[in-house]
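Structure, as structure tokens:
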Amino acid sequence: MAETDPKSVQDLTAVVQTLLQQMQDKFQTMSDQIIGRNILFQTQMVDDMSCRIDDLERNIADLMMQAGVEELEGENKTPAPNKG
């Protein structure tokens, strides 16, 4: 059996290192894309929840007006006097 050529071992090592670096780069790119998508998704969720909260606040205010409840100094709420 012939001895292993040091040059071919060095070449093989270089090829393997290059392949591992390429794999690492691709993995990092995919990780960055996933993180970016998660941030975008979370931002969209926060925006959606903000809109829902705004709608809920408007609906509560409308219901309070229909029920004749007026807001007085922060959290204290009392029924408005009947006008009829």
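Where a number appears in this text, it was derived from the coordinates with a stated rule and is not lab data. Values in this document were obtained by computation on a predicted structure and should not be read as measured data. We place every Cβ from the backbone using ideal geometry, glycine too, and count neighbours over all the protein chains shown.
Below are the figures for this structure:
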{"item": "Net charge dipole size for region 5-50 [Lys, Arg +1 and Asp, Glu -1 on Cβ; Debye, nearest 20]", "result": "100 debye"}
{"item": "Sites GLN17 and GLN42, calculated FRET efficiency, Cβ-Cβ separation with R0 35 Å, nearest 0.05", "result": "0.40"}
{"item": "Placed amide H near VAL69: partners under 5 Å, 5+ positions off or other chain", "result": "ALA80"}
{"item": "Residue-by-residue Karplus 3J(HN,Hα) for region 17-25, coefficients 6.51, -1.76, 1.60, Hz, glycine and proline x", "result": "4, 5, 4, 5, 5, 5, 4, 4, 4"}
